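Input: a single structure, listed below in structure tokens.
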Amino acid sequence: MKIVKKILLFLLVVFVIAQFFGPEKNEGEITSIDAFLAETNPPESVKKILKESCFDCHSNVTHYPWYFSITPVNYWMADHINHGKGELNFSEWSEFSLKKKRHKMKETWEEVEKKKMPLDSYTWTHSEAKLTQEQIETLTAWAKGVQENYTQQLNKK
């Protein structure tokens, strides 16, 4: 039994020490999303959906919950955010080509329509991010319209 106590004590010490370390936060400027919003001109209902369900993982601005300060949860969350930004980062929208913007809009509505986004692991703790069927249809229609706009611009070239 002494060995179990020693192992538990060791694990507790490691856990406490780990709390002093953590990943870098994704705390950019909210204005980094402005170019995307200006170019795609979403209605207020879509802006609200994007803010509640997308921007935390798909922009350079994340609003962190209290439990982000707990290691190892913070590393798990940081990995999700980095992966999300790797797939689509709205803060870098102005750097994308028209072809890439069109493709990203298509991926956006497809992922939302298939209910792959937002991730379940995100909506478990962010209930406001869970999309209703009406919100899915609203976001999908808007994204398809933006995609079509990019298609038309590409066809003019």
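The values are calculated or read from the model by the stated rules, or taken from the named source; none is laboratory data. Treat the numbers as computed from the prediction; the structure is a model and nothing was measured. Cβ coordinates were reconstructed from backbone atoms using ideal geometry, including for glycine residues, and neighbour counts include every protein chain displayed.
Worth a mention:
- Per the conditions (1) out of contact with any His (no Cβ under 7 Å at 6 or more places or on another chain); (2) under 27 Å from Ser121 (Cβ atoms), the sole criterion not satisfied by Lys6 is (2).
- Qualifying residue in region 50-67 (condition: part of a helix (DSSP H, G or I), at pLDDT below 90, over 25 Å from Glu113 (Cβ atoms) and out of contact with any Cys (no Cβ under 8 Å at 6 or more places or on another chain)): yes
- Scanning region 95-109 for residues that are assigned to a helix (DSSP H, G or I) and either aromatic (Phe, Trp, Tyr) or under 15 Å from Leu50 (Cα atoms) (or both), we see that the one that is nearest to the chain's Cα centre (by Cα) is Thr108.
- Applying the condition of being of a type in the set (Val, Ile, Thr) and part of a helix (DSSP H, G or I) to region 130-157 and asking which residue is surrounded by the most Cβ atoms within 10 Å (Cβ to Cβ) yields Val146.
- Scanning region 68-86 for residues that are of a type in the set (Val, Ile, Thr) and within 28 Å of Glu113 (Cβ to Cβ) turns up just one, Ile81.
- Residue ID - nearest to Asp34 (Cα to Cα), chosen from residues in region 74-94 that are surrounded by fewer than 19 Cβ atoms within 10 Å (Cβ to Cβ) and among the hydroxyl-bearing types (Ser, Thr, Tyr): Ser94
- Taken together, the residues in region 1-13 that are exposed (fewer than 10 other Cβ atoms within 10 Å of the Cβ) and either assigned to a loop (DSSP other than H, G, I, E, B) or of a type outside the set (A, V, I, L, M, F, W, C) (or both) amount to 3.
- Top-ranked residue in region 14-60 [being surrounded by 17 or more Cβ atoms within 10 Å (Cβ to Cβ) and of a type in the set (A, V, I, L, M, F, W, C); ranked as farthest from Ala129 (Cα to Cα)]: Phe36
One line per residue, one yes/no per condition, for (1) in contact (Cβ under 8 Å) with a residue 40 or more places away in the chain; (2) out of contact with any Leu (no Cβ under 9 Å at 6 or more places or on another chain); (3) surrounded by 14 or more Cβ atoms within 10 Å (Cβ to Cβ):
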| position | (1), (2), (3) |
| --- | --- |
| Thr62 | no, yes, yes |
| Pro65 | yes, yes, no |
| Pro72 | yes, yes, no |
| Lys99 | yes, no, no |
| Lys106 | yes, yes, yes |
| Met117 | yes, no, yes |
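- Every condition in (1) free of Cβ contacts under 8 Å to residues at least 60 places away in the same chain; (2) under 12 Å from the mean Cα position of the chain (by Cα); (3) closer than 20 Å to Ala141 by Cα is met by Asp79 except one, and the failing one is (3).
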